[in-house]
Each structure stands twice: as C-alpha cells, then as structure tokens.
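Peer 1: I am attaching a structure below and will ask some questions about it afterwards.
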Amino acid sequence: MDTNVSTDDFFATVAEKSDGAKLRGDYSKIDAQYVVAQDWDAYTPEQHALWRRLYQRQAKLIPGRACDVFIESLELLNIGDGIPKFEESSELLFKATGWRLVAVPGLVPDHTFFEHLANRRFPVTVWLRDPEEFDYIVEPDVFHDFFGHVPLLFNPIFADHLQEYGKGALKAMKLDGLSMLARLYWYTVEFGLIQSPEGLRVYGAGILSSGGEIEYCLSNPAPLRLPFNVERVMRTLYKIDSYQETYFVINDFQQLFNDTAPDFTPIYQKLKALETLPANALLSGESNLAV
C-alpha cells in the first residue's frame, strides 16, 4: 500500500453504514487515488464462465429495453466472452470521449470517486461476485461497474454530464449538499429512464445490470414514472434493498446535461428548508407516465 494512503477513516465510515460489514476488495496495494492493477491473469476459468452467464442473461433482456447507445456501445466493446481487460476497453473509450477506466478494489471514498469523475476517469471494481450472488449483490462488482456503466460513457453528452457531476459533487461536499446530489446520481446514473421514439428505455446502470428490474421498471404498473425535475429528484429518498418505487424520466441526454448545468448552491439552500419526500410520493399536479 502507498504509505501516504490511510484507509482507517474510510473503513470506519463503511462499518457505520453497514452494521460493521467489511469491504470485500483487497485494499493492500492501492495508490493515493485507490487505484490498483487489474491483474487480469488472476481471474479463474470459473470466474470467466460466471461473467459469460451474467452477460448472456442481460444480453437477452436489453433489446427493446435499453437505450440505443447502450446496445451499440456494448456491441463495440465485445465483452461477452469473459471478464474484459480494462486497458483494452479504456483505449476504445478514450478515442470516443476522452474517458479512461481505472481499476479499484471496490468502493472508494466519496472525494476520491468524485475526483476520478471530474478528471474523466471511471473507477471499475476488479472483483466478481460469487455464483450464489448471481441474481443479487449488495456491493457493486466488476459486472455491475463495467457492464452497467461503461457503455454509456461512449455517448459524448452523457460523458460530459458525468464529468460535470464529479466537479459538482466536489463542491457539494463543502456545501452540505452531498445527500441531495447522491439522490440525483441514484435516480439518473443508476436508475434513470429515458424517452425514445419507441417508448421508455433504460439508461441507469443499476437497472441495466439487473436480471429482474430491467423488465419491472418498464412494464410493472406499481412504480411511479415521473418527468425528470432536478429539485424533485434531489428531495426524493430512495431504497437500496428493493426495486425502485419511483423512476424519473429524461427526454434525452441533452436535457440531463442542461438541467444539471446550473450552480446548485441556491438549490441546496432552498431544499434544506423543505422536507424530504418518500420514495413513493406522488405530489399534487404530477403526472405519472403510462407504461
């Protein structure tokens, strides 16, 4: 481990949030930015086989459900045969939008994560879930990070948005606005829906890497599907242990970029004076979009 990197505070924070649970990654060889070597040769044949099973399941689910750029970029990446080599995919991504992939052992501190995004670096976890976690995993692994997130970074507008998000989050940490910005990330980058000429489509990584929610979010009548509004999203709580009770829908990635471009400082101040909203709240005058 880099002698200048102290993980004690980070591990203590994780323990507080997870009833003493420990992070699964190997943090013994991180550098100052929590980056490690991927060590692709260390993956076992069984792990590559598990990746192929995960990939094949999602590949069958995404047609007609994922947004077009995700499907097109996934085909370009050509990662169906086994766990991808980050360096090779990173070269393709850099040529497309100027982003690079960096390998990390698992979750990293907020400040570190946002610094990576602000500098057009996307952190990808190196470890893969166990076979018994095929359908559900608590802590993001390489399949979630890579399959779910990386293809969207080939879209220039979304890629620019994510960099600006990283910059904004670094600022939010000084303004006590991080909880509000975390809700924005959750309801867009992780669980966002987008309009298309053919109907609603998925762009959120948490849905795209899920075996069940990718169908649930588009066809089940139970959850709300609301037009995207920055302030509304920042007020809305979310649950991490169930399918979403509300999804927010953008018209296109340009709307996401434009609507999140203004300085959030006055918004933070405004929202601090308002109550947070339950994950399933439908306010007077809101339109629940039909499935």
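The values are calculated or read from the model by the stated rules, or taken from the named source; none is laboratory data. None of the values given here were measured: they were computed from a predicted structure. Counting neighbours? That spans all protein chains shown, and the Cβs are built from the backbone with ideal geometry, glycine included. What goes into the accessible areas is simple: the full protein's heavy atoms, side chains included, and nothing from ligands, DNA or RNA. Shrake-Rupley method; radii C 1.70, N 1.55, O 1.52, S 1.80 Å.
Peer 1: Any residue at all in the range 87-103 that is under 21 Å from Pro131 (Cβ atoms), assigned to a loop (DSSP other than H, G, I, E, B) and either modelled with pLDDT of 95 or more or touching a helix residue (DSSP H, G or I) at 6+ places or on another chain (Cβ under 6 Å) (or both)?
Peer 2: No: the range 87-103 contains no residue that is under 21 Å from Pro131 (Cβ atoms), assigned to a loop (DSSP other than H, G, I, E, B) and either modelled with pLDDT of 95 or more or touching a helix residue (DSSP H, G or I) at 6+ places or on another chain (Cβ under 6 Å) (or both).
Peer 1: Could I ask something else about it? If a residue has to be aromatic (Phe, Trp, Tyr) and either in contact with a Gly (Cβ under 6 Å, 6 or more places away or on another chain) or at positive phi (or both) to count, how many in the range 30-89 make the cut?
Peer 2: 3
Peer 1: Looking only at helices (runs of 4 or more DSSP H) that fall completely inside the range 140-228, which ones have 2 or more residues that are open to solvent by less than 30 Å² (accessible area, probe 1.4 Å) and more than 25 Å from Lys85 (Cβ to Cβ)?
Peer 2: 156-172, 178-185, 213-219
Peer 1: Looking only at the range 256-291, count how many residues are over 17 Å from Arg183 (Cβ atoms) and buried (at least 16 other Cβ atoms within 10 Å of the Cβ).
Peer 2: Qualifying residue count for the region: 1.
Peer 1: Which members of the range 1-49 meet the condition of being small (Gly, Ala, Ser), under 22 Å from the mean Cα position of the chain (by Cα) and modelled with pLDDT of 95 or more?
Peer 2: Ala37
Peer 1: What is the residue count in the range 172-197 for residues that are β-branched (Val, Ile, Thr) and in contact with a strand residue (DSSP E or B) (Cβ under 6 Å, 6 or more places away or on another chain)?
Peer 2: Total satisfying the criteria: 1.
Peer 1: Specify the residue that is least open to solvent (accessible area, probe 1.4 Å); the eligible residues are those in the range 65-86 that are among the acidic types (Asp, Glu) and not in a loop (DSSP other than H, G, I, E, B).
Peer 2: That would be Asp68.
Peer 1: Further question: State all residues of the range 268-288 that are within 20 Å of Leu226 (Cα to Cα) and part of a helix (DSSP H, G or I); if no residue qualifies, say none.
Peer 2: Leu271
Peer 1: Could you tell me which numbered condition Arg52 fails, if it satisfies all but one of (1) within 19 Å of Val104 (Cα to Cα); (2) surrounded by 13 or more Cβ atoms within 10 Å (Cβ to Cβ); (3) modelled with pLDDT of 95 or more?
Peer 2: Unmet for Arg52, out of (1) within 19 Å of Val104 (Cα to Cα); (2) surrounded by 13 or more Cβ atoms within 10 Å (Cβ to Cβ); (3) modelled with pLDDT of 95 or more: (1).
Peer 1: Among the residues of the range 71-86, what is the count of those that are closer than 14 Å to Asp39 by Cα and under 19 Å from the mean Cα position of the chain (by Cα)?
Peer 2: Residues meeting the conditions: 3.
Peer 1: How about the range 105-129: which of its residues are farther than 22 Å from Leu178 by Cα and either modelled with pLDDT under 95 or assigned to a strand (DSSP E or B) (or both)?
Peer 2: Of everything in the range 105-129, just one residue is farther than 22 Å from Leu178 by Cα and either modelled with pLDDT under 95 or assigned to a strand (DSSP E or B) (or both), namely Thr125.
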